[in-house]
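The values are calculated or read from the model by the stated rules, or taken from the named source; none is laboratory data. Remember, predicted model here, so these are calculated numbers, not experimental data. When we count neighbours, we look across all protein chains shown, and the Cβ atoms used for this are built from the backbone with ideal geometry, even at glycine. What goes into the accessible areas is simple: the full protein's heavy atoms, side chains included, and nothing from ligands, DNA or RNA. Shrake-Rupley method; radii C 1.70, N 1.55, O 1.52, S 1.80 Å.
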Amino acid sequence: MKPGRLERLQRGLVRSATCAVDPDFVAAVEGGGRLSAAEAVAVYRRGYPARLTEALGETFEACWRVMGDEDFLAACREFVARTPSRSHNLSDYGETFPDFLAARADAEAAPFLGDLARFEWAFKELFHAAPRPGLSAAALAKAARPDSVLRLAGPLVLLSFGHRVYGLWKRDRADATPVTRADWEGPERLALYKEGGNPVFVRELSAPEHAALAALAAGRTAADALAGSGLDEAGAAALFAFLAEGGLVAEASR
Amino acid sequence: MGLRSAHYARLLERPRTRVRWFEALTENYMDSRGRPLEVLLKVREDYPVALHGVSLSVGGVEGPRPGYLERLKALAERVQPFLISDHLCFTGAHASNVHDLLPLPYTEEAVATVARNAARAQEVLGRRIALENVSSYLSYRESAMTEWEFLVAVARRADCRILLDVNNAFVSAQNHGFKAEDYLDAVPAELVAQIHLGGYSDMGTFLFDTHSRAPTPPVWELFRRTIARMPGTPVLIEWDEALPPWETLEAQAVKAAEIEEEAREARTA
Ligand SMILES: [Fe+2]
């Protein structure tokens, strides 16, 4: 079906604001104030990347700080030009920004940027997630057996990175110390979680702790998860104390 | 007053304020089950709340995005707002959201499109909504009616109400060369559910709706004139950019409330 007049005008304005100015649209309008039609279209054209960049800046604040204004804003410009927003919510924008940052040419100098951005995206998602308080420490102690399957609550998200980024993220906003290789070299495993309320917590995990939690999240029994993880007895006790005290287990079933 | 995250810490201490109600931006809460929603529900225990959206895209030929109305309804069920509003505009296409309040041509086709989408929204929500006039920086050659004729036609056809933004009417009047008084006087009082005031920026060649400052004297004058016809209408000062201290915002809200009270007293005298 041929698009109607209103549809053609709307397509023309969307195209003009987000990619290339549509001369047919410019011809169909008059500028407000003392603006020409083209200048008036340019008002909407300027606003678009500014809003999407602002959204990226809010979610990826640490990346911005580490990259500096010039580099971060250039990356945003490039990303916005090739990535339309499909959500009604601006704060949903930028899910693929971490991959984009990781693949950029200058990523060699800062190879941790993709991981830092992934951390920030995960943090934002968890910030908006509903808190789900789990069993109390006492209830868990009563219910859990070695052959129990523990359904995790919290919510709790496991992250595993090739670079250490949590320290960079934690840095003070005003801290302008240059980032050196020693700051990010080496792998990092983290748990992001809520303890039944809204604050988001971060815990650094050892490789065996991460393996054990990943196995629990996949539905393996407590005994299986521990056996496959390489955690020793003290490590296992510490990990269960963490789950119990945070109320991070919703249910222990057999 | 507009509920902004900068106010969360203060409001959670439940201070006595002179604010009568809060307006919350729908999209900041409809997708969040975290702290923003927690704060909004706490604020709701102490104040009436209006939900004001920016993404309904009621004038879009594709209609609201799939799932949007259902999410809005779920939020409204929790918040029980006294009003749900959005803007008389379109915000882009489903595949490319511009996240802007894009102007519509004032044509019969646009009236019919808005009416169809608004009717669907009201059916899903089970209540009437209010649509707000927006500031615009361009006009369409094929517009067949004035902006206020369009606004009123839409409200009547869609059986919805109007959120009358006096500042936007002033900005559009200046930008498109008509008298704001003609605009505001033409809006029937019984259709207006709420009034917005805000501050624009003078860009030299046009006025730009930035919500970054207090309403200007001519906008206060227009408000006085408008509220005289519709005393009792809830009024909100919009301030989103360069947010001043709480006390400044509160003083602005009190000023608007006092003008509204004068209008009410003049009506009963
Ligand atoms: Fe407004």
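Give B:178, B:208 a once-over and let me know the one that is at pLDDT below 95, surrounded by 15 or more Cβ atoms within 10 Å (Cβ to Cβ) and within 14 Å of chain A (Cβ to nearest Cβ). Outline the logic, then answer.
Details: B:178 fails: at pLDDT below 95.
Among B:178, B:208, only B:208 is at pLDDT below 95, surrounded by 15 or more Cβ atoms within 10 Å (Cβ to Cβ) and within 14 Å of chain A (Cβ to nearest Cβ).
Selection over region A:62-91 of residues that are within 14 Å of another protein chain (Cβ to nearest Cβ) and either closer than 24 Å to residue A:173 by Cα or surrounded by fewer than 20 Cβ atoms within 10 Å (Cβ to Cβ) (or both) gives a count of 8. Within region B:234-248, being surrounded by fewer than 18 Cβ atoms within 10 Å (Cβ to Cβ) and either outside any loop (DSSP other than H, G, I, E, B) or in contact (Cβ under 8 Å) with a residue 60 or more places away in the chain (or both) holds for B:240, B:243, B:246, B:247, B:248.
Residues in region A:16-23: is at least one in a helix (DSSP H, G or I) and in contact with an Asp or Glu (Cβ under 6 Å, 6 or more places away or on another chain)?
In the first step, residues of region A:16-23 are kept if they are in a helix (DSSP H, G or I); the result is A:16-18, A:23.
Next, from what is left, pick out any that are in contact with an Asp or Glu (Cβ under 6 Å, 6 or more places away or on another chain): A:16.
Within region A:16-23 (the criterion being in a helix (DSSP H, G or I) and in contact with an Asp or Glu (Cβ under 6 Å, 6 or more places away or on another chain)), the answer is yes, since at least one residue qualifies.
If the condition is being within 16 Å of the ligand (Cβ to nearest atom) and within 20 Å of residue A:39 (Cβ to Cβ), then region B:132-148 contributes B:134, B:135, B:136, B:137. For region A:54-131, the helices (runs of 4 or more DSSP H) that sit wholly inside it and include 3 or more residues that are under 21 Å from residue A:155 (Cβ atoms), of a type outside the set (D, E, K, R) and touching a strand residue (DSSP E or B) at 6+ places or on another chain (Cβ under 6 Å) are A:113-128. Beta carbons closer than 7 Å, at least 6 apart along the sequence or on distinct chains, pair a first residue in region A:159-183 that is open to solvent by 60 Å² or more (accessible area, probe 1.4 Å) with a second that is assigned to a strand (DSSP E or B) for A:160/A:189; A:164/A:188.
Scanning region A:9-50 for residues that are farther than 24 Å from residue A:78 by Cα, more than 7 Å from chain B (Cβ to nearest Cβ) and surrounded by fewer than 17 Cβ atoms within 10 Å (Cβ to Cβ) returns A:24, A:27, A:36. Each residue in region B:249-269 was checked for being over 14 Å from residue B:197 (Cβ atoms) and either open to solvent by 50 Å² or more (accessible area, probe 1.4 Å) or within 16 Å of the ligand (Cβ to nearest atom) (or both), and 8 of them qualify.
Of the listed requirements (1) within 12 Å of chain A (Cβ to nearest Cβ); (2) modelled with pLDDT of 95 or more, residue B:66 misses just one: (2).
Residues in region A:92-111 that are surrounded by 17 or more Cβ atoms within 10 Å (Cβ to Cβ) and within 14 Å of chain B (Cβ to nearest Cβ): A:92, A:93, A:94.
The listed residues are B:74, B:153, B:118, and the only one of them that is part of a helix (DSSP H, G or I), open to solvent by 40 Å² or more (accessible area, probe 1.4 Å) and touching a residue at least 40 places away in the same chain (Cβ under 8 Å) turns out to be B:74.
Does residue B:32 qualify as being part of a loop (DSSP other than H, G, I, E, B), free of Cβ contacts under 8 Å to residues at least 60 places away in the same chain, over 20 Å from residue B:164 (Cβ atoms) and within 16 Å of the ligand (Cβ to nearest atom)? The answer is no for residue B:32.
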